[in-house]
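For reference, the structure is listed below as structure tokens.
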Amino acid sequence: MIKNVQIKAYQIGLVFKNRNLIEILKEGNYWLFGNKSVEIFETKDQFKTGNDLNLLLKNENLKNLLEVIEVKDGEIVLVKENGIFKEVLNVGQYAFWKGIVNREFQKIDLTKVEITEKISKTILENMKLKNYTRKFVVTNQYKGLLLIDGKLSKVLEAGTYYFWNNEISVEVKAIDMRMQQMEIAGQELLTKDKAMLRINFYVRFQVENIEKALMENKEYDKQLYILMQLALREFVGALTLDELLLKKDSVGKEILENLGNKAEDLGLKASDAGIRDVILTGEMKEIMNQVLIAEKKAQANSIMRREETASTRSLLNTAKLMEENEVLWKLKEMEYMEKIADKIGDITVSGNSNILSQLKEIFAK
């Protein structure tokens, strides 16, 4: 049997006889005699054959033409062609033709968690590699705790982090580091003098120690809420209603001082607090309204008495001056006569002529 075989550029032919590799054909035209078969390969592609690769590699000539990559358990290999990422090799044995395409092979150890290899984020985000990585994002104004197998590894600043995907558990706990405000609303409290109030309170705080907040305390915000609630209850219970209303603006500062290191134990820093509203209950509201009305009436009576006293004192002073000065007396008398005359529209006279002479005498004076 005679066969004609043509090997084109960038091709290689392997000649087999009884499944044994007996010859390697490069570019050219060949005649084959006898019971021989030829398998032709593109040298720009990966070397793939149905024959046992290990048996073929016993041929030194073929072995020198191939670059063999072995990927073990817990490993992958990244393949780049002419600097461009192409594929991921899983566990197995692979062979590539040398000399045609510039290939780079980067072996990755998947048994560790952190990515210590030099790999760009573009490649890590590639769909071919995504199943092998775990991605965590710590957003701006946040910090995160990296937990590996449940143990604290390190604190993460804002950014994107990648880890190899394996049986080791990886967790990132993120927390907002900005100033936050907590509302403690509708607190029904009893003052020292048994007045029932409803108070709306607020506190502004910031996470200062992320490890304390997340690792040493569970639900640090709820714990802070209870601390502030108890501190407010204790503070209000030590004051009468009047004292509380007088000190309303300074309550927050005093409560924070009394709080001491309890907020620090939660990993927090409470920087500001205060009473937003003091609301009286139904009965207390009526009582306070009555007290307010009584106070306003007392103030009004006091003002009226002061005005009456001032008026009386003024009249007394005027009377003394008039008593000492006859001209002033006459002037005052004429002022009153003028006021009386302004009010008179018509004068009807009855009786004898003495009335007219008496009026004339009055106005003449």
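The values are calculated or read from the model by the stated rules, or taken from the named source; none is laboratory data. Since this is a predicted model, take the numbers as computed values, not measurements. Note that we place each Cβ from the backbone using ideal geometry, even for glycine, and neighbour counts take in every protein chain shown.
Tell me, which residue of region 1-31 that is among the charged types (D, E, K, R) and surrounded by fewer than 12 Cβ atoms within 10 Å (Cβ to Cβ) is farthest from the chain's Cα centre (by Cα)? Spell out the reasoning first.
Residues of region 1-31 that are among the charged types (D, E, K, R), as a first pass: 3, 8, 17, 19, 23, 26-27.
Then keep just the ones that are surrounded by fewer than 12 Cβ atoms within 10 Å (Cβ to Cβ); that gives 8, 19.
Details: Lys8: 66, Arg19: 70 Å.
Among residues in region 1-31 that are among the charged types (D, E, K, R) and surrounded by fewer than 12 Cβ atoms within 10 Å (Cβ to Cβ), the one farthest from the chain's Cα centre (by Cα) is Arg19.
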Point to revise | Exclusive hit being within 30 Å of Asn166 (Cβ to Cβ) and surrounded by fewer than 16 Cβ atoms within 10 Å (Cβ to Cβ), set Gly34, Gly50, Gly83, Gly99 | key: Gly83
Revision key, fill the gap. Residue hits (region 154-174; touching a residue at least 12 places away in the same chain (Cβ under 8 Å) and either in the same structural domain as Ala273 (by TED's automatic domain parsing) or not hydrophobic (A, V, I, L, M, F, W, C) (or both)) are Glu157, Gly159, Thr160, Tyr161, Tyr162, Asn165, Asn166, Ser169, Glu171, Lys173
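Mind checking which residues of region 199-248 are part of a helix (DSSP H, G or I) and hydroxyl-bearing (Ser, Thr, Tyr)? Break it down into steps so the answer makes sense when it comes.
First, the residues of region 199-248 that are part of a helix (DSSP H, G or I): 210-216, 220-237, 241-246, 248.
Passing the criteria: Tyr220, Tyr225.
Of the residues that make up region 185-193, is at least one assigned to a loop (DSSP other than H, G, I, E, B) and closer than 30 Å to Lys112 by Cα? Before the answer, list the steps.
Taking region 185-193 first, the residues assigned to a loop (DSSP other than H, G, I, E, B) are 191-193.
Now narrow it down to the ones that are closer than 30 Å to Lys112 by Cα: none.
Taking every residue of region 185-193 in turn, none turns out to be assigned to a loop (DSSP other than H, G, I, E, B) and closer than 30 Å to Lys112 by Cα.
Rundown of residues vs (1) assigned to a loop (DSSP other than H, G, I, E, B); (2) of a type in the set (Ser, Thr, Tyr); (3) over 30 Å from Glu216 (Cβ atoms), yes/no style:
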| position | (1), (2), (3) |
| --- | --- |
| Ile100 | yes, no, yes |
| Phe105 | no, no, yes |
| Thr111 | yes, yes, yes |
| Ile119 | yes, no, yes |
| Ile123 | no, no, yes |
| Leu129 | no, no, yes |
| Phe136 | no, no, no |
| Leu147 | no, no, no |
| Ser153 | no, yes, no |
Exercise for review: Return yes when Lys151 is surrounded by fewer than 12 Cβ atoms within 10 Å (Cβ to Cβ) and either of a type outside the set (Asp, Glu) or touching a residue at least 24 places away in the same chain (Cβ under 8 Å) (or both) and no when it is not.
Suggested key: yes
Practice item. May I ask you to list pairs of residues, at least six apart or on different chains, whose Cβ atoms are under 7 Å apart, with the first in region 85-107 being small (Gly, Ala, Ser) and the second being not in a strand (DSSP E or B)? Key: Ala95/Leu53
Check your understanding: How many of the residues in region 24-51 are closer than 25 Å to Gln106 by Cα and in a loop (DSSP other than H, G, I, E, B)?
Key -> 5
**Study point:** Residues that are under 22 Å from Val172 (Cα atoms), surrounded by fewer than 13 Cβ atoms within 10 Å (Cβ to Cβ) and either charged (D, E, K, R) or at pLDDT 95 or above (or both), drawn from region 112-129
**Key:** Glu117, Lys121
Point to revise | Pair list, Cβ < 8 Å and 6+ apart or interchain, from region 131-146 residues that are without any contact (Cβ under 8 Å) to a residue 40 or more places away in the chain and not assigned by TED's automatic domain parsing to the domain that holds Ile210 to residues that are part of a strand (DSSP E or B) and acidic (Asp, Glu) | key: Gln141/Asp176; Tyr142/Asp176; Leu146/Glu171
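Considering Leu224, Leu197, Leu189, Leu232, which residue is touching a Phe, Trp or Tyr at 6+ places or on another chain (Cβ under 7 Å), within 15 Å of Asp277 (Cα to Cα) and surrounded by 14 or more Cβ atoms within 10 Å (Cβ to Cβ)?
Values: Leu224 fails: within 15 Å of Asp277 (Cα to Cα); Leu197 fails: touching a Phe, Trp or Tyr at 6+ places or on another chain (Cβ under 7 Å); Leu189 fails: touching a Phe, Trp or Tyr at 6+ places or on another chain (Cβ under 7 Å).
Just a single option satisfies the conditions, and that option is Leu232.
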Review point. When you scan region 210-246, how many residues do you find that are aromatic (Phe, Trp, Tyr) and either on the phi > 0 side of the Ramachandran plot or over 18 Å from the mean Cα position of the chain (by Cα) (or both)?
Key: 1
